[in-house]
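*Asks:* I'd like to ask some things about the structure below.
The values are calculated or read from the model by the stated rules, or taken from the named source; none is laboratory data. The shown structure was predicted, so the numbers you read here are calculated from the model rather than taken from an experiment. Cβ: placed from backbone, ideal geometry, glycine included. Neighbour counts: every protein chain shown.
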Amino acid sequence: MDSITRFTLVEHLYRTFLDVLAGTGFRCPQCGGRRTRHSWRSRWVIWAPGRWDRLRLLRVRCRHCRTVETCFPPWLLPYEPAALWLLTTLCDAIALEGQSWAAVERHGDWPRHWLRRHVGRWLSRAAILRQRIAQQWQTWGWPWPSWTQTWQPPATARIADWAWVRVAWAWTAAAGAWAAVAAQIGAWAVWCTLAPLALPSDILPATTHWGRRLRAAARPP
């Protein structure tokens, strides 16, 4: 996001996220009990092109479940070094603007293998993301938005499903009165806030708490 110009702003976003969690008592998603602060871990974050910094992430303990979990903000995913607002820009460059991998690589000095791994894996799941969004709208009981009846992808779009997903995320943020937040951290991060289990079930490793919850949510009842 253009508004994120200093790492201190990233740290401020994380402190704000922790304040919200603290207000809920750091509730355990498994048993619903209160969790306590356990420790901190440092994590490298790419928050702007060519900008890496270490972000301290809080870890919380559930004494009932005997688990310790790192508190990831909705704009940062486990095993994904780039903030979602940066991933959005890179995905859009290829899927919406029609830029080649080589052009994106040259423009931002991104290694080709990094782009293929961290950007390509999301674009390859664009159709699944679209399906998850539609299912989540149905779960919430939201009427099907009227724009979907006449929507067409941009002429430059190389991946139509990703174009649809981007519009759907923005519409969801606006419909849920999260437009101001989306302007700051991006509509993708807002979606992860509102529907953290509406991602492809295999996108996060099963070794992470978030990844295990995704897989459990994808199982038939």
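*Asks:* Determine the pairs where a residue that is in contact (Cβ under 8 Å) with a residue 60 or more places away in the chain, located within the range 144-170, has a partner that is surrounded by 16 or more Cβ atoms within 10 Å (Cβ to Cβ) and not in a helix (DSSP H, G or I) with Cβ atoms under 6 Å apart, the partner being 6 or more residues away or on another chain.
*Replies:* 157/96; 163/96; 163/153; 163/157
*Asks:* Hey, another quick one. Answer yes if at least one residue in the range 133-152 is among the small types (Gly, Ala, Ser), closer than 21 Å to residue 86 by Cβ and not assigned by TED's automatic domain parsing to the domain that holds residue 14, and no otherwise.
*Replies:* No: zero hits.
*Asks:* Oh, and also: Within the range 1-28, how many residues turn out to be in a loop (DSSP other than H, G, I, E, B) and under 18 Å from the mean Cα position of the chain (by Cα)? Talk me through it step by step, then tell me what you get.
*Replies:* Taking the range 1-28 and keeping what is in a loop (DSSP other than H, G, I, E, B), we get 1-6, 24-28.
Subset that is under 18 Å from the mean Cα position of the chain (by Cα): 1-4.
Total meeting the criteria: 4.
*Asks:* Against the conditions (1) among the acidic types (Asp, Glu); (2) modelled with pLDDT of 95 or more; (3) farther than 22 Å from residue 190 by Cβ, where does residue 92 fall short? Just the number, please.
*Replies:* In the conditions (1) among the acidic types (Asp, Glu); (2) modelled with pLDDT of 95 or more; (3) farther than 22 Å from residue 190 by Cβ, residue 92 misses (3) alone.
*Asks:* I would also like to ask the following. Please determine whether any residue of the range 58-65 is surrounded by 13 or more Cβ atoms within 10 Å (Cβ to Cβ), within 29 Å of residue 86 (Cβ to Cβ) and without any contact (Cβ under 8 Å) to a residue 24 or more places away in the chain.
*Replies:* Yes, that holds for at least one residue.
*Asks:* Can you name every one of the helices (runs of 4 or more DSSP H) wholly within the range 39-156 that holds 2 or more residues which are more than 30 Å from residue 11 (Cα to Cα)? Give the derivation first.
*Replies:* Details: elements: 84-95, 101-108, 112-118, 120-123, 126-140.
Where helices (runs of 4 or more DSSP H) fall fully within the range 39-156 and carry at least 2 residues being more than 30 Å from residue 11 (Cα to Cα), they are 101-108, 126-140.
*Asks:* Go through the range 195-221 residue by residue and tally those that are touching a residue at least 24 places away in the same chain (Cβ under 8 Å) and farther than 19 Å from residue 82 by Cβ. Steps first, answer last, please.
*Replies:* At the first step, the residues of the range 195-221 found to be touching a residue at least 24 places away in the same chain (Cβ under 8 Å) are 195-196, 198-200, 203-205, 208-211, 213.
Filter once more, keeping what is farther than 19 Å from residue 82 by Cβ: 195, 198, 209, 213.
The number of residues fulfilling the criteria is 4.
*Asks:* A further question follows. Given the criteria touching a His at 6+ places or on another chain (Cβ under 6 Å), hydrophobic (A, V, I, L, M, F, W, C) and farther than 22 Å from residue 170 by Cβ, does residue 65 qualify?
*Replies:* No: the conditions fail for residue 65.
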